[in-house]
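Reading through the structure tokens given below for one structure.
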Amino acid sequence: MRSALLFDFTVDKQTNTINVKREFAAAPALVWDAWTKAELLEKWWAPKPWHAETKSMDFKDGGHWLYAMVSPEGEKHWCKVEYQDIDAQKSFSNLNAFCDEDGNINEAFSRSFWTNTFSGDENMTAVNVDIKYKTTEDLERMVAMGFKEGFTMGLQNLEDLLEQLTK
Amino acid sequence: METRRDIFQAIADPTRRAIIALIALQAMTPNALAEHFDSTRQAVSKHLRILTECELITQKQQGREIYYQLEIDKMKEIDKWLKQFREIWENRFNQLDDLLSNLKNQQK
């Protein structure tokens, strides 16, 4: 981690919830935009070396963001984020699912329910994210998939390191 | 009844986390451990049994007493698991930091 900004990450397997807290050195309005506008989300949402590509975005209650996580090889994982309970610059909830490129939800994967809250002043915004899964199995499965992403990221870091060393 | 036992179940309970914290410092007998809690000796025994089934702690006989000790390698599994997942979010948030800093500069 590069800064002294708060970063807290906990997993509660009793409630099947992951809690992520993080502070950002910017005003809530700006942080809110970064979480709710497709063109900004695309710039940070996918962990490297993946990137996010938006097919459609309609940020409003009942609206959704349909996007793909794209691997360096061009492999695409489609995701649908359905928004609800939007309280501008304060909080919103979303229901996440894996889907096909037309947004048809893949029922083989359970959906997760996210509650995102934003608070702060013009210098600092704290974001709190609660991600709730239906069952512990769902949580574990999702984390196992995260492992894969984490592993890919690790390889990318190694590549960067090797590149520096060979210069 | 078949119950699933894993390290995450072990750390899901606050009393069990407290037990882990205590025996991380030194191996302890069930009696010595029970003194640290308001709950009954049986309740503490139950937690110790679950922790043992999760292979997070082991018993060792010393003279007449049974001591519980922490299996450090098992704890590392939890750490590793969390670290991988945490890194994804770290990576993501570092990208967001950069983006926010760019946006702020544009506003100026």
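The values are calculated or read from the model by the stated rules, or taken from the named source; none is laboratory data. None of the values given here were measured: they were computed from a predicted structure. So basically every Cβ, Gly included, is an ideal-geometry build from the backbone, and we count neighbours across all protein chains shown.
What the table below lists for this structure:
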| read-out | value |
| --- | --- |
| Top-ranked residue in segment A:10-26 [being at pLDDT 80 or above and surrounded by 18 or more Cβ atoms within 10 Å (Cβ to Cβ); ranked as nearest to residue A:123 (Cα to Cα)] | A:26 |
| Of all residues in segment B:72-83 being closer than 28 Å to residue A:130 by Cβ and exposed (fewer than 13 other Cβ atoms within 10 Å of the Cβ), the one that is farthest from the other protein chains (Cβ to nearest Cβ) | B:76 |
| Sole residue being touching a residue at least 12 places away in the same chain (Cβ under 8 Å), part of a loop (DSSP other than H, G, I, E, B), among the small types (Gly, Ala, Ser) and under 21 Å from residue B:95 (Cα atoms), chosen from A:46, A:52, A:126 | A:46 |
| Test: residue B:69 is polar (S, T, N, Q), under 30 Å from residue A:43 (Cα atoms) and either within 14 Å of chain A (Cβ to nearest Cβ) or in contact (Cβ under 8 Å) with a residue 12 or more places away in the chain (or both) | no |
| Verdict on residue A:35 being surrounded by 15 or more Cβ atoms within 10 Å (Cβ to Cβ), touching a strand residue (DSSP E or B) at 6+ places or on another chain (Cβ under 7 Å) and either touching a residue at least 40 places away in the same chain (Cβ under 8 Å) or in a loop (DSSP other than H, G, I, E, B) (or both) | yes |
| Inter-residue pairs, beta-carbon under 7 Å, first at the interface with chain A (Cβ under 7 Å from one of its Cβ atoms) and in segment B:90-108, second β-branched (Val, Ile, Thr), 6+ apart | B:100/A:31 |
| Any hit, segment B:84-91, residues being outside any strand (DSSP E or B), more than 22 Å from the chain's Cα centre (by Cα) and either surrounded by fewer than 19 Cβ atoms within 10 Å (Cβ to Cβ) or on the phi < 0 side of the Ramachandran plot (or both) | yes |
| Within segment A:125-142, tally of residues that are buried (at least 19 other Cβ atoms within 10 Å of the Cβ) and more than 12 Å from chain B (Cβ to nearest Cβ) | 1 |
| Residues of segment A:46-103 classified as among the charged types (D, E, K, R) and closer than 22 Å to residue A:29 by Cα, total | 7 |
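So that you can scan it fast, the table gives a plain yes or no per residue for (1) under 24 Å from residue A:132 (Cα atoms); (2) in contact with a Pro (Cβ under 7 Å, 6 or more places away or on another chain):
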site	(1), (2)
A:20	yes, no
A:24	yes, no
A:49	no, yes
A:52	yes, no
A:60	yes, no
A:70	no, no
A:77	yes, no
